[in-house]
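First up is the structure itself, then whatever we jot down about it.
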Amino acid sequence: GNQEPCPIIYRIVYVQAANEQQLFQSILGLNPSLANNDSPPPFAIRRAVLRVHGRVNEVAFSPTAPWIAIGTGQGKLVLWDYQSGSIHKVLSGFNHSIGQVAFTPSGTLLFGERTNGSTDCRIYAWDDDPIRIIGSHAGSITAIEPLDATQVLTAGRDLTVALWDIARQAKVNECRHYTWLRHLVASQDRSRAVFLTDSMMIYGLPGFNYQHPDPFIRRHVPGYKRSMVRCAAFSPSR
């Protein structure tokens, strides 16, 4: 029926713990309007800005530490501590720029190089010095998908998809695709992976057995314009 709009009520929460009081006071210093009962709190307050040399190619959040890993076009990997707003570590000395970055569930950092040519681009692992070389592709690494703490899937411009053992730094299996992948995504149970190019194809793991074709048969439609699939996700139940 005819209902009057309800007023919005803001409640003041009294913070008891000393560390939480200190945090609240620091937030008030960044935004004094919070002390005004008539002003709603902001969704976010900018605390710090990180500037790196070169283009930012890829970022990833660590599941075990307050770090964001940033791959740059200057051939450096920057680990940014977002709690302190400072750089934790810079990894450098690579042959090419860093184009792909990911973390395993246990917190091991994985990253791969990119280049404009067809020279070898390496896949690296780091959880403490020194940096380890897991393997390489001929040309840029186009996707890195950790399966668990011990295995990772990678794709490259050399038309291959490879499964690697991180600890042994060895290739477990590989398959060759008809074109290079723009991305790949593993299912929640790590039993399948979808390959993304101008189509979407699902392969079983670890043997790369072909399971399902592209559900969108676009390449066979008259007037089809070539386009690329870059993003996909499995639902938790799948």
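The values are calculated or read from the model by the stated rules, or taken from the named source; none is laboratory data. Predicted, not measured: the structure shown is a model, and the values here were computed from it. Ligands, DNA and RNA are excluded from the accessible area calculation, which covers all protein heavy atoms including side chains. Shrake-Rupley method; radii C 1.70, N 1.55, O 1.52, S 1.80 Å.
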Prolate/oblate/rounded label for segment 110-220 (Cα gyration tensor, a/c 1.5)
oblate
Relative contact order of segment 117-194: what whole-number percent is it, with Cα pairs under 8 angstrom and at least 6 residues apart?
23
Please work out how much accessible surface Glu174 shows to a 1.4 Å probe, ignoring ligands, DNA and RNA, in Å² rounded to 10.
90
When the solvent-accessible surface of protein heavy atoms is calculated with a 1.4 angstrom probe, in what order do Cys175, Cys231, Cys121 fall, highest first?
Cys231, Cys175, Cys121
Each residue of segment 83-98 in order: what ³J(HN,Hα) in whole Hz does its phi give by Karplus 6.51 cos²θ - 1.76 cosθ + 1.60, θ = phi - 60°, with x for Gly and Pro?
7, 8, x, 9, 7, 7, 6, 10, 9, 8, x, 8, 7, 9, 5, 9
